[in-house]
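In what follows, a single structure is set out as structure tokens and then discussed.
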Amino acid sequence: MSFVAEFNSLPLDALVKKSLATSTAVARDAAAKSRLSLADFAALISPAGSGILETLGRRAHAMTQQRFGKVIRLFAPLYLSNECINNCTYCGFSRDNPILRVTLSLDEVKREADALKAQGFRNLLLVAGEHPKFVSNNYLRDCIALLHPEWPSISLEVGPMETEEYRPLVAAGSDGLVVYQESYDRKIYAEMHTAGPKRNFDWRLETPERAYAAGFRRLGISPLYGLADWRLEALSVAAHADYLLRNCWKAALTISTVRIRPCAGEFEPLTHLADRELAQLICALRIMFPDVGIVLSTRENPKLRDGMMSLGVTMMSAGAKTEPGGYTGAGREKIHHTERGIIKELASGSSEWAPVDGHATNATGQFNVADERSPAEVAERIRELGYEPVWKDWDAALTA
Ligand code: SF4
């Protein structure tokens, strides 16, 4: 049985209601348990749970140190392409946004990767929009094969594929797959995804299972907070994680805690996850899943990221650029617009994102980052806070 069947039978609305009505005593009981049910998780993320945030924080902190030690793993996203055939209302790369686009050549990908390597990174996340013409499977395979000799860990965040399509990517040297469900609320999901293959909710929901079957041994999941009710999303991702831990148990699982950031298209979040609630959520995830990696990206500001380290976060991006060529300017000469899969020459003033006087600086990014510190500055801050920054946390030799 896939997670879709299990997901369809979850009493999510009832769990959200139960969460809202939780008493402090029930939240305290849940926080003290060694094995938690989804109902216990609902109690941890409840308004009453917010009232005992210090207690949650102490437990989450102790569990994180016990299971992971005092380390923060660092990774960098490398955007290969911002071409996309989907329209996702909240994303700057949406097909109908008149943005500056580019797909990096293999040489340009290498230049970008070399720049990241020089900054210390050994853990890479290759990111691309979904566009079979520009981001073909062969292109992805070639990118991975090119980088694999020098990069111990290469994860992908690209359009979902069939298991058989994933296999060559694993064989080429990719070990991880990240796929955000964006929203676990079917109605909101349908409203947010107005065109393209991403409209298929179930296909996306089953992606981690297909990736696991193809041999990926690191899986990353998350909703995008700011679309549906955050408690419903949190309960859903907890159920999803629980399913993957039972059924894809050879894989290391990470859960990201991603909130919507400003982007092209000017999307305004539909719901709000406050900073305090984000802290509560991270604590709840840690208490429910002692061994799962928790990721916090540069979407969050430095102060908040620094504060969350002690609560349960184990992995962070640093110095991230969200446009292809962002680290070196690679690909700048061929930046263009794309309409219906056809490349169009740039015209000055054709959109607010178009170049001035015909000169583009960079392709358009997916969203604006909030933590603009360099990787070295982030690493230094991690050390100041008593943690060790880890640049390389995996080696193919470990699974040989
Ligand atoms: S979220 Fe992904 S699929 Fe949707 S528009 Fe952005 S890049 Fe494309």
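Among 28, 276, 259, the largest mean-square fluctuation in a Gaussian network model of the chain, built with springs joining Cα atoms closer than 10 Å, belongs to 276.
Based on Cα contacts under 8 Å between residues 6+ apart, the chain shows a relative contact order of 24 percent.
Cross-link reach is defined here as a Cα-Cα straight distance under 19 Å, omitting same-chain residues fewer than 8 places apart; for residue 18 the aspartates and glutamates meeting it are 29, 40, 185, 229, 233, 277. Rounded to the nearest 10 degrees, the angle from helix 53-68 to the longest Cα principal axis of the chain is 70 degrees. Share of carbon and sulfur in the accessible area of the chain stands at 51%, probe radius 1.4 Å.
Full extension of the segment from residue 10 to residue 372, taken as 0.36 nm per residue of separation minus the current Cα-Cα distance, would add 126.4 nm. Roughly speaking, what is the centre-to-centre gap between the stretch 215-284 and the stretch 116-171 when only Cα atoms are used, to the nearest Å? Using only Cα atoms, the two centres lie 22 Å from each other.
Take every DSSP beta bridge with both residues inside the stretch 76-181 and express the antiparallel ones as a percent of the total, to the nearest 5.
The antiparallel proportion sits near 10 percent.
In this structure the amide hydrogen of residue 153, modeled in the peptide plane, comes within under 5 Å of the amide hydrogens of 124, none closer than 5 places in sequence on its chain. Straight-line cross-link reach from residue 303 at under 25 Å between alpha-carbon atoms covers these lysines, not counting any fewer than eight positions away in the same chain: 70, 321, 392.
Could you rank the peptides 12-20, 279-287 by their average count of other C-beta atoms within 10 Å per residue, with the highest value first?
Ranking, from highest mean packing down: 279-287, 12-20.
Remark: the stretch 97-105, residue by residue, has Karplus-estimated 3J(HN,Hα) of 6, x, 9, 7, 10, 6, 10, 6, 6 Hz, where x stands for each Gly or Pro and the curve is 6.51 cos²θ - 1.76 cosθ + 1.60 at θ = phi - 60°. Amide H contacts for residue 75 (H built 1.01 Å from N in the peptide plane; partners 5 or more residues away or on another chain; cut-off under 5 Å): 316, 317, 318. In this calculation the C-beta distance from residue 343 to residue 33 is compared with R0 = 45 Å, giving a FRET efficiency of 0.20. On a per residue basis, the chain carries 40 Å² of accessible surface, using protein heavy atoms and a 1.4 Å probe. Find, to one decimal place in angstroms, the Kirkwood hydrodynamic radius of the stretch 55-190, where the mean of 1/r is taken over every pair of different Cα atoms and then inverted. Across the stretch 55-190, the inverse of the average 1/r is 16.8 Å. Using the Karplus relation 6.51 cos²θ - 1.76 cosθ + 1.60 with θ = phi - 60°, the per-residue 3J(HN,Hα) values for the stretch 182-190 come to 6, 9, 8, 8, 4, 5, 4, 4, 5 Hz, with x marking Gly and Pro. Near residue 128, once Lys and Arg are set to +1 and Asp and Glu to -1 for all other residues with Cβ below 11 Å from its Cβ, the sum equals -3. Amide H to amide H distances under 5 Å link residue 258 with 225, where only residues 5 or more positions off or on other chains count and H is placed in the peptide plane. In terms of its C-alpha gyration tensor, the stretch 16-84 has an oblate overall shape, because the principal axis ratio a/c (a ≥ b ≥ c, square roots of the eigenvalues) is not below 1.5 and a/b does not outweigh b/c. Taking a point 7 Å out from the Cα of residue 70 in the direction of its Cβ, the residues of the stretch 303-322 whose backbone N falls within less than 13 Å of it are 310. Under Stokes-Einstein, with the Kirkwood radius over Cα pairs as Rh, the value for the chain at 4 °C and 1.567 mPa s is 60 µm²/s.
The values are calculated or read from the model by the stated rules, or taken from the named source; none is laboratory data. Owing to the predicted nature of the structure, the values given are computational and were not obtained by experimental measurement. Please note: Cβ atoms are built from the backbone with ideal geometry, for glycine as well, and neighbour counts cover all protein chains shown. Ligands, DNA and RNA are stripped out before the accessible areas are found, and what is left, the full protein with its side chains, is counted by its heavy atoms. Shrake-Rupley method; radii C 1.70, N 1.55, O 1.52, S 1.80 Å.
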